[in-house]
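What follows is one structure encoded as structure tokens, with my remarks underneath.
The values are calculated or read from the model by the stated rules, or taken from the named source; none is laboratory data. Predicted, not measured: the structure shown is a model, and the values here were computed from it. Here the Cβ is made from the backbone with ideal geometry for all residues, glycine too, and neighbour counts use every protein chain on show. Accessible surface is based on the protein model in full, side chains and every heavy atom, while ligands, DNA and RNA are left aside. Shrake-Rupley method; radii C 1.70, N 1.55, O 1.52, S 1.80 Å.
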Amino acid sequence: MIKAILVFNNHGKPRMTKFFVHYSEDMQHQIIRETFHIVSRRDDNVCNFLEGGTLIGGSDFKIIYRHYATLYFVFCVDSSESELGILDLIQVFVETLDKCFENVCELDLIFHMDKVHFILQEIVMGGMVLETNMSEILTHIEAQNKLEKSEAGISAAPQRAMSAVRNISPNLHNLPKPNINLPSMKSLPHINLPSFK
């Protein structure tokens, strides 16, 4: 089972975190800090998996990571997961992000957090791997994008209607005023109403 997925930059700033086991917010920050210190001190020539830190489960858990440009993608997993399988899963996640954002960068993760989490949920949910086929994942993402665009069109309809009314309103003032002659109040018959006492 996957216990946590962490993405942080070279300075240890978290850019995306997903915990599948409940931790308090303080504990989550400590786990991120500890994981960053463990991973960032490793040489690029060594393998990409090691025992979990003291906070993430010790020797029962493994930290599996990949370092791309300015970002570390870290999966904290239990001993039942395959190290090479998780390395492949990280590659699928990063390549999917790259296809969705066209050369994904750190800013994409910051400004499109909802889309990044949606992509991740297509791959992993509840700590279990759902899908590893990138074309299948991209099909679901494209369907979601189409749905969002159609909903944006529906939600924008009231604004378009108001805009159309505003464009018509100035033209209404230019219409000729009808000539309606109403009788004066003096020419109307006087009605005496009974008084109630």
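Quick check: from the Cα gyration tensor, does region 1-44 come out rounded (a/c under 1.5), prolate or oblate? Verdict is prolate for region 1-44.
State whether region 1-136 is rounded, prolate or oblate according to the following rule on the C-alpha gyration tensor (a ≥ b ≥ c being the square roots of its eigenvalues): a/c under 1.5 gives rounded; otherwise a/b larger than b/c gives prolate, and the remaining case gives oblate. Rounded, because the longest to shortest axis ratio a/c is under 1.5. Surface composition of region 44-151: carbon and sulfur make up 52 percent of the accessible area, probe 1.4 Å.
The amide H of residue 104, built 1.01 Å from its N in the peptide plane, has 98 as neighbours under 5 Å, considering only residues 5 or more places off or on other chains. A full extension of the chain between residue 148 and residue 83 corresponds to an added length of 19.8 nm, given 0.36 nm per residue minus the alpha carbon distance. Put a dot 7 Å past the Cα of residue 42, heading toward its Cβ, do the same for residue 70, and the two dots end up 2.3 nm apart.
What does the highest-first list of 39-45, 73-79, 7-13, 63-69 look like by mean Cβ count within 10 Å?
73-79, 63-69, 7-13, 39-45
Among residues other than residue 27 whose Cβ falls under 12 Å from its Cβ, what is the net charge (Lys/Arg +1, Asp/Glu -1)?
Within the 12 Å Cβ shell, the charges total -2.
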